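Peer 1: There's a structure below that I have some questions on.
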Amino acid sequence: QPRRLPDDDPAGLVALLQPDGPLASLPGYEHREQQQQMLLAVAQIMRRGGRLVVEAGTGTGKSLAYLVPALARAVRHRERVVVSTYTHTLQEQLLLKDIPALRRWLPWEFKASLLKGRSNYLSLRRWQRYTRELCRDQAELAFRLKILVWLAETETGDRSELRLQGPEEGYWALVSSDSLDCLGIHCTPENCFVHRSRAAAEEADLVVVNHALLTADAATGGALIPEYHHLIVDEAHHLEEAATQALRAEVDARQVAELLRTLADGRGQRSGGLVPLLRRQPHLGAPADYLAGAEDQVEAARERCSGLFTAAAAWVRGRLGEEVREGALRLLPEHRQSGEWRSLVSSAEDAATALAALDVTLRRAVVESQLWAGDQPDQHLRELERVRTRLAEVGRLLTEGFVDPDSTRIYWFQVFPRDESVVLRAAPLEVAGLLRQEVIGDRWSAVFTSASLAVGGSFDYFCSRVGLGAEAETLLLPSPFDYLHQALVCLPTDVPDIGAEEFELAAVELIADVARRLGGRTLALFTSHQQLRDVYQGLKHRDDLDQVLILGQGLDGQRRQLLRLFEESPRSLLLGTSTFWEGVDIPGDRLSCVIIARLPFSVPTEPVFAARAERLRDPFVQYALPQAALRLKQGFGRLIRRGDDRGAVVILDRRILERDYGRAFLEALPPASRYIGPAAQIGERIESWLAPCPVASGA
């Protein structure tokens, strides 16, 4: 039967969301004027082509507003649409809730699929090779049993179904799909989960991806995502950050040591590793002979890399200060002109030379093996090629970072306290050009949306960071919530300065007062893990919070576990950092107060931030301030998630009242009721506000 074609007329699509339309019977459906406006704008831009930026406040129903016109356009004109998200939470919402609901209620059929990066899928061939090896401990045995049970049930091979934790992440890296261990045309949807997911994407009208895969696809010239005509980027405020992360490269001393150990054990223990193993396989013939001497080359590379990383770690700590146990040091021109740096350059050249010599030997063995074994080389040779390619990338980055830096990239060292190790990292100085040329490119239409894109009513900051020019159309839709009656913003006037030692004591006092009065139901957001730990310890020692469950990120568990505990416990106080500023959706009275410790400015010395700021005429106004204002808006958005929610937001940072730029932060927040006064009265004020008959709010 031919598929029924929808009418993609914008006015007709808007009618689907009318109170008497077919979508009105969706569970939880509410008629929202802002949702209809966004749907109309998306449908129009898809029809005539162009770029559209939409800020739609919390509660608008963005997903439905772009999914309906996207599916109509894709099905009617056979023009594939890609929807990109940043968080797994939104991906799960789209795939498990929104799209299945639309499939039941839309008056036409469509196909939708989820596509992730290769490392998210299990490689059956790597799994089979892995299970031939002995388990090292009980944790690894438990991991294997978990995979065995899961393989009998999974249709996707997607790791998200497993909820991996702790050491399981390391084991997954041994069995996940790897482009360097791919059989190419010999892989089929029947024997490869990656090909199965890509085959489904090829047949789909709508493909859901994440920002990392979207950027990686652009960097590889479109090799990862099927050709598409329309792009929708949700959670678009994360696009620049995700692109930077996806294009980042690094050389980790520990990973290099592990790669070399995979080839051959250290001196005196050469019975293990790929090289001696392959040399003992007579059926390989000449390829095994080419590996003669490779163990000595591995040892030489190990010694030179180890010496380089040891010297680099000492050099970095010498500049950060010996008392600094963990930190980042950006490589600047003045660093590269010192005599000590020239010594590091010499060590880096030696390490790169040793890796290059090893690469020649390994490459020759792999090439010869292909002549002997044809299209199905020995499994250990395939692993050898994977390790060889990784080490070649290490050599290139060492040469680039130490000897011949690329002017379009940022380089920095990261040192860690546990094992005195060091990591060399590189990231693009700007991603706007890549996003403009390869992601947006010549797509017929591109839509960017989020609840936080505009600063002071302007989209200039966002557009400049992602490569959008004056041709982009913009739409600012307020939230349908009545913030004046649903939210109270409290700004204490007498909290100590954020840099003072007394600040943490004052924060503990205020947070404790609020949490005690509300019986928990409070989320406190921090920008510093150390400050979170200090406040956490102060709260734990208070007798007046004995009836409140205090949860600290990284102290009582990680994000998913803590959110579950917070929702399930009737009297809980949760302290979180960066990952809790967004993506937290706790409607109802489980969350009644959000306390923000300080304005969320980026650390000015963070390497990528600092390098990008230097390129601007006024870094604070053009970069730091709008970035922080958007972040504050995200934190505020944790509070009101439904039309009947009520609650308070407390901002402890006095700069929002005392500095000229404080107005920019206040203007970024929704038009809520406001209380400005002594910190000692904040708890009582919030308690009154949340009472069944709240008192009138003051300004």
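Peer 1: Could you check the range 384-487 for strands (runs of 3 or more DSSP E) lying wholly inside it with 3 or more residues that are open to solvent by 60 Å² or more (accessible area, probe 1.4 Å)?
Peer 2: 473-477
Peer 1: Related question: Among the listed residues Gly499, Gly519, identify the single one that is surrounded by fewer than 18 Cβ atoms within 10 Å (Cβ to Cβ) and closer than 13 Å to Glu687 by Cα.
Peer 2: Result: Gly519 is the single residue among Gly499, Gly519 that is surrounded by fewer than 18 Cβ atoms within 10 Å (Cβ to Cβ) and closer than 13 Å to Glu687 by Cα.
Peer 1: Same structure again: Within the range 207-258, which residues are under 26 Å from Ala328 (Cβ atoms), open to solvent by less than 30 Å² (accessible area, probe 1.4 Å) and out of contact with any helix residue (DSSP H, G or I) (no Cβ under 8 Å at 6 or more places or on another chain)?
Peer 2: Matches in the range 207-258: Asp252 only.
Peer 1: What tally of residues in the range 72-95 results from selecting those that are in a helix (DSSP H, G or I), of a type outside the set (Gly, Ala, Ser) and under 25 Å from Gly49 (Cβ atoms)?
Peer 2: The total comes to 5.
Peer 1: Residue by residue through the range 93-110, note down the ones that are touching a residue at least 40 places away in the same chain (Cβ under 8 Å) and surrounded by fewer than 17 Cβ atoms within 10 Å (Cβ to Cβ).
Peer 2: Leu95, Trp105, Pro107, Trp108, Glu109
Peer 1: Given the conditions (1) surrounded by fewer than 22 Cβ atoms within 10 Å (Cβ to Cβ); (2) modelled with pLDDT under 90, report the number of the one that Pro604 does not fulfil.
Peer 2: That leaves (2) as the condition not met.
Peer 1: Still on this structure, please answer the following. How many residues are open to solvent by less than 20 Å² (accessible area, probe 1.4 Å) and more than 30 Å from Gly441 (Cα to Cα) when one looks only at the range 27-56?
Peer 2: Counting residues in the range 27-56 that are open to solvent by less than 20 Å² (accessible area, probe 1.4 Å) and more than 30 Å from Gly441 (Cα to Cα) gives 0.
Peer 1: Out of everything in the range 630-657 that is closer than 12 Å to Pro492 by Cβ and of a type in the set (D, E, K, R), what residue ends up being surrounded by the fewest Cβ atoms within 10 Å (Cβ to Cβ)?
Peer 2: So, considering only residues that are closer than 12 Å to Pro492 by Cβ and of a type in the set (D, E, K, R), the one surrounded by the fewest Cβ atoms within 10 Å (Cβ to Cβ) is Arg654.
Peer 1: Let me ask you something else. Assess whether Leu639 counts as being of a type in the set (A, V, I, L, M, F, W, C), part of a loop (DSSP other than H, G, I, E, B) and at pLDDT below 95.
Peer 2: Yes, satisfied.
Peer 1: Looking only at the range 128-143, count every residue that is within 21 Å of Asn191 (Cα to Cα) and open to solvent by less than 20 Å² (accessible area, probe 1.4 Å) and tell me the total.
Peer 2: 1
Peer 1: Which numbered condition in (1) open to solvent by 40 Å² or more (accessible area, probe 1.4 Å); (2) polar (S, T, N, Q); (3) under 28 Å from Ala392 (Cβ atoms) is the only one that Gln337 fails?
Peer 2: (3) is the only condition that Gln337 fails.
The values are calculated or read from the model by the stated rules, or taken from the named source; none is laboratory data. What you see is a predicted model, and the numbers here were worked out from it, not measured in a lab. As a convention, Cβ positions derive from the backbone with ideal geometry for all residues, glycine included, and neighbour counts pool all protein chains shown. These accessible areas exclude ligands, DNA and RNA; they are computed on the full protein's heavy atoms, side chains included. Shrake-Rupley method; radii C 1.70, N 1.55, O 1.52, S 1.80 Å.
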